[in-house]
Structures are given as structure tokens and as C-alpha cells.
Amino acid sequence: MVGFPRALFSGPVEPAARALIGATLLVDGVGGTVVETEAYAPDDAASHSFRGMTGRNAAMFGPPGHAYVYLCYGMHWCLNVVCGVEGHGSAVLIRALAPVQGVETMRERRGIEKLAILCNGPGRLCQALGVARSHDGIDLAAPPFSLVLAEREPDLLVGPRIGITRDVDRPWRFGLAGSPFLSRRF
DNA sequence: CTATAGATAATCT
DNA sequence: GATTATCTATAGG
């Protein structure tokens, strides 16, 4: 497997969310292995794109393979990978990473020592990787980003998504089986 | 271990 | 004015 998986992100969002488990995500050389994702689609009441395009979610309707970054609860940035055809409005939320590269940098940004809680949540991983508004809408195939899929699909956990109030029962949360870096147990 | 509240501000109605 | 794809600290079993 060589090159950025543009074709994968141009297709349906659920397979893309599954394929991202085990991928390596770096920002300026800092990051690790993706161990938890969630899928969001335009016909999905829990999705930001459900009610059409607004100022905040414009990147979600942009080209696939780009980032959609937004602030939630007034203090946490969250990182998504835009999927589907441009203008469609689907994305994969990156919920947790296993820290691999630049661990000391991540520790400094987070202000903690414990590896297990460095990147195990969407807000936490953005703080650890330094992701914020400036990354909204940019291409994940180009610097400062680096995204490489796993060679083989690992064993996956599947469950309902976290922190939403509508379409609560869709089994669109995916995790790496046995990982100690998940944001919550399945 | 689980449960709960409070922080905090952009975005949308 | 209400809502929110969260995190942390603290209290209780």
C-alpha cells in the first residue's frame, strides 16, 4: 500500500471509518496509531451536516480526504476526515490514538505524564497533536499531516457513538480490539 | 469503581 | 437564549 488512500475517502463513510482503525496519523511528525473512530453521514440526525451547510461545517462539504476541525463545548477541538463525494457532507471523527511518535511533545502540550490518557478522546488528541482551527479544510495528504493506512485490517470493536443525543443507536463507533488507548470501553 | 457537576464559548435558532 | 460529536475534578460506594 503506497500513497494517500484518496479513493477510500471518496466512497461511503462507514467503510472508511473501519479502514482508518490501525492507520498512522501524524501532525508535524507527532502522533500515532488510530484506535477509535466514528462515522457521520448527511442523513444522520447526529451529524453536523444533517441540516445543511453552515459556517462551521463548510469543510464537511468540501473535498474528501481533507480535514474538518471544529470546536465543541467551548474548549475542545475535534478532528474529522471528510468522506464521500464533494458536497455530500459525511466525515469520520478521529476519537483516539495510541501515542507513538513525539511522545514528549504530546506530554508537554497536555501537561500530563500518563501515556494512557494522552490521546484517548477527540479533544485530548487534538491538544496533543496541536490541531486547531488553522487545520480546518486542509488536505490530509500534505504537510503538516501524514496519514498512512494499516497493511491489514485488524480486529474491530463496534458500538453506538458517544456523546450524541439523536440517532443514538447507530452502531457507527469503531475501535481496535484490545487497545488500552480507547476513550471508553465498548 | 461509577456518578455528577461545572467549565466555557462558538454556533445556530 | 439554547445547544453542544468533551474533559476534569470531586464525591460517594
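Brief remarks on what is shown
- In the set (1) touching a residue at least 12 places away in the same chain (Cβ under 8 Å); (2) part of a helix (DSSP H, G or I); (3) surrounded by fewer than 18 Cβ atoms within 10 Å (Cβ to Cβ), the condition left unmet by A:Ser134 is number (1).
- Looking across A:Arg95, A:Arg109, one residue alone is under 16 Å from A:Gly31 (Cβ atoms), part of a strand (DSSP E or B) and in contact with a helix residue (DSSP H, G or I) (Cβ under 7 Å, 6 or more places away or on another chain). It is A:Arg95.
- Verdict on A:Ile162 being free of Cβ contacts under 8 Å to residues at least 24 places away in the same chain, within 16 Å of DNA strand C (Cβ to nearest atom) and among the hydrophobic types (A, V, I, L, M, F, W, C): no
- In the stretch A:139-160, the qualifying residues are those that are part of a loop (DSSP other than H, G, I, E, B) and within 14 Å of the chain's Cα centre (by Cα), and the one that is surrounded by the fewest Cβ atoms within 10 Å (Cβ to Cβ) is A:Leu149.
- The single condition among (1) under 17 Å from A:Ile21 (Cα atoms); (2) part of a loop (DSSP other than H, G, I, E, B); (3) of a type outside the set (A, V, I, L, M) that A:Gly87 does not satisfy is (1).
Coordinate-derived values only; no laboratory data. Just so it is clear, the model here is predicted, and its values are computed rather than measured. A quick note on method: Cβ atoms are made from the backbone with ideal geometry, for glycine too, and the neighbour counts reach across all protein chains shown.
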